[in-house]
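Trainee: Please see the structure below; I have some questions.
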Amino acid sequence: MGRPTLGYRSGGPGGDPYWVKSSLSFSNSNCVEVANLPGGQVGVRHSKHTEGQVLRFTPDEWQAFLGGVRNGEFDSFGQL
């Protein structure tokens, strides 16, 4: 299974967050991007609509979600 590119980058103080897209994402723009946001939150946005809304999670919420993903709790979603 592929892993997203890791790392935190910013344009400097007050700069924009560095958004990361999964290495499994293809050029069809149907993917989400994730970034560390100011204040410690984690942001998730649609890669095709980068100026659109951002879902914001606390670090604990994000870690709980990732744990569920690793445990396969969401594997049945999105299947045809």
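Values quoted throughout were computed directly from the atomic coordinates according to the rules given, and no laboratory measurement underlies them. No experiment lies behind these values; they were computed from the predicted model shown. Because the Cβ atoms are built from the backbone with ideal geometry, glycine has one as well, and the counts that use them run over all protein chains shown.
Trainee: Using the Karplus equation 6.51 cos²θ - 1.76 cosθ + 1.60 (θ = phi - 60°), what ³J(HN,Hα) coupling, rounded to whole Hz, does each residue of region 70-80 give in order, writing x for Gly and Pro?
Mentor: Karplus values, whole Hz, x for Gly and Pro: 4, 7, x, 5, 10, 4, 7, 7, x, 8, 7.
Trainee: By how many nm would the segment from residue 60 to residue 16 lengthen if fully extended, with 0.36 nm per residue of separation less the alpha-carbon distance?
Mentor: 13.6 nm
Trainee: Now, a different point. Classify region 39-80: rounded, prolate or oblate, from the alpha-carbon gyration tensor (a ≥ b ≥ c, eigenvalue square roots; a/c under 1.5 rounded; otherwise prolate if a/b is larger than b/c)?
Mentor: In terms of gyration-tensor shape, oblate.
Trainee: Still on this structure, please answer the following. Sort the following peptides by mean Cβ neighbour count (other Cβ atoms within 10 Å, averaged over residues), highest first: 68-76, 17-25. Before the final figure, lay out the partial values.
Mentor: On the way: 68-76: 9.3, 17-25: 14.7.
For the peptides 68-76, 17-25, the packing ranking is 17-25, 68-76.
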